[in-house]
Amino acid sequence: MKLHKAGTAAAAALVLALTATACGGDKSSAGGSDNGKITIGIKFDQPGLGLKKPDGTYAGFDVDVATYVAKELGYDAKDIVWKEAPSAERENLIANGDVKFVAATYTINDERKKKVDFAGPYFLAHQDLLVRADEKSITKAEDLNTKKLCSVTGSTSAQNVKDKLAPKADLQEFGGYSECLTGLENKAVDALTTDDSILAGYASQAEHKGKFKLLSLKLSDEPYGIGLKKGDTELQKKINDALTKMESDGSWEKAVTDNFGPANYKNEPAPKIDATS
Ligand code: GLU
């Protein structure tokens, strides 16, 4: 009996020691939050959604959503460390614990759900095409089968082109959409495909005014979710609660107006936050 008690005490001490290690541990064991800071993955090159500005500050709808969510999780804006999350690296950043969560035009789908969990959806976009303003021979997705098309590695946009939209297109995949824009401007490619929300942001930038047109084809549904570590149902619930609050207190609508207003982008209404996403 005495021996058993001693064993229990030792086990309890061990648990305490392990807990202390986990709490004071390094960033990887804490999964993107430590020392009162939280690391969040966003895009750095998508105006209106996630943009690192020349002065080193960050702006966009995803930035506003992430800032709101972080606040609800107990972190002030000054405690956020922004990390670039290119399309092809989002799952790895989450799985490795480099970020606490990702808010980066990140479509919820079954393939990704094998590796990460999602909160949301908090926005609904649609795949679309951006072409040069004087382009006449591209009016629908099939027209791309004889054209040079640009998109991004690891995106649903590139996958949809290969699977169904235009399997014969000469598809060039880059690391980020901004790289495609230069190609579209200097005629290295004929079209750029991704979400209409992203394309509208590029088209409305002062330096691009009048150069491109968005075809508004609604080629797919792209429900954006907040990606988080697979199995962290507690965090998923907290983020879903934060998103629900953001939609009900008017902050979601304000973020939409602030960030998409300049691009004149007609967004879909706020989607219903679903804990099972
Ligand atoms: N929403 C799509 C996706 O998650 C396209 C935009 C992006 O690459 O971030 O793949």
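Here are the numbers:
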read-out: Carbon and sulfur %, accessible surface of region 35-126 computed with the full protein complex present, 1.4 Å; value: 47
read-out: Extension gain, N92 back to K272 (0.36 nm per residue minus Cα-Cα distance, nm); value: 62.1 nm
read-out: Span from the region 209-224 Cα centroid across to the region 94-149 one, whole angstrom; value: 11
read-out: Reduced Cα scattering model of region 59-101, Debye log10 I(q)/I(0), q = 0.30, 0.33 Å⁻¹; value: -1.13, -1.17
read-out: Potential lengthening between K136 and E111 on full extension [0.36 nm per residue; Cα-Cα distance subtracted]; value: 5.4 nm
read-out: Rg over Rh, two decimals, region 164-239 (C-alpha only, Kirkwood Rh); value: 1.09
read-out: Among E207, E135, E72, residue whose mean-square fluctuation peaks in a GNM of the chain (springs only between Cα atoms under 10 Å); value: E207
read-out: The chain: most fluctuating residue of D34, D249, D190 per GNM, C-alpha cutoff 10 Å; value: D249
read-out: Residue-span extension gain [E72 to K230] - 0.36 nm each, minus C-alpha spacing; value: 54.8 nm
read-out: Extreme residue, positive dipole direction of the chain, given options L243, A141, N92 (C-beta unit charges); value: N92
read-out: Theoretical ellipticity at 222 nm over the chain - DSSP helices of four or more residues, -39500 (n - 2.57) apiece, nearest 500; value: -10000 deg cm²/dmol
read-out: Derived scalar couplings ³J(HN,Hα) [region 195-200; Karplus, 6.51 cos²θ - 1.76 cosθ + 1.60; whole Hz; x for Gly, Pro]; value: 5, 4, 4, 6, 5, 4
read-out: Partners for K148 among lysines (Cα-Cα distance below 21 Å; same-chain residues under 8 apart left out); value: K136, K140, K162, K164, K168, K187, K211, K213, K218
read-out: Rg/Rh ratio calculated on Cα atoms of the chain (Kirkwood radius); value: 1.07
read-out: L171 long-range amide H proximity, modeled H, under 5 Å; value: L149
read-out: Selected from L217, L130, L93 as most flexible by GNM, with the chain as the system and alpha-carbon contacts under 10 Å; value: L217
read-out: K230 long-range amide H proximity, modeled H, under 5 Å; value: D117
read-out: Relative contact order of region 187-277, defined on C-alpha pairs under 8 angstrom at six or more residues apart (%); value: 34
read-out: FRET E, pair S248, N145, Förster distance 45 Å, beta-carbon r, rounded to 0.05; value: 0.50
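The values are calculated or read from the model by the stated rules, or taken from the named source; none is laboratory data. Treat the numbers as computed from the prediction; the structure is a model and nothing was measured. Backbone-built Cβ (ideal geometry, glycine too); neighbour counts: all protein chains shown. Please note that ligands, DNA and RNA were not included when accessible areas were found on the heavy atoms of the full protein model with its side chains. Shrake-Rupley method; radii C 1.70, N 1.55, O 1.52, S 1.80 Å.
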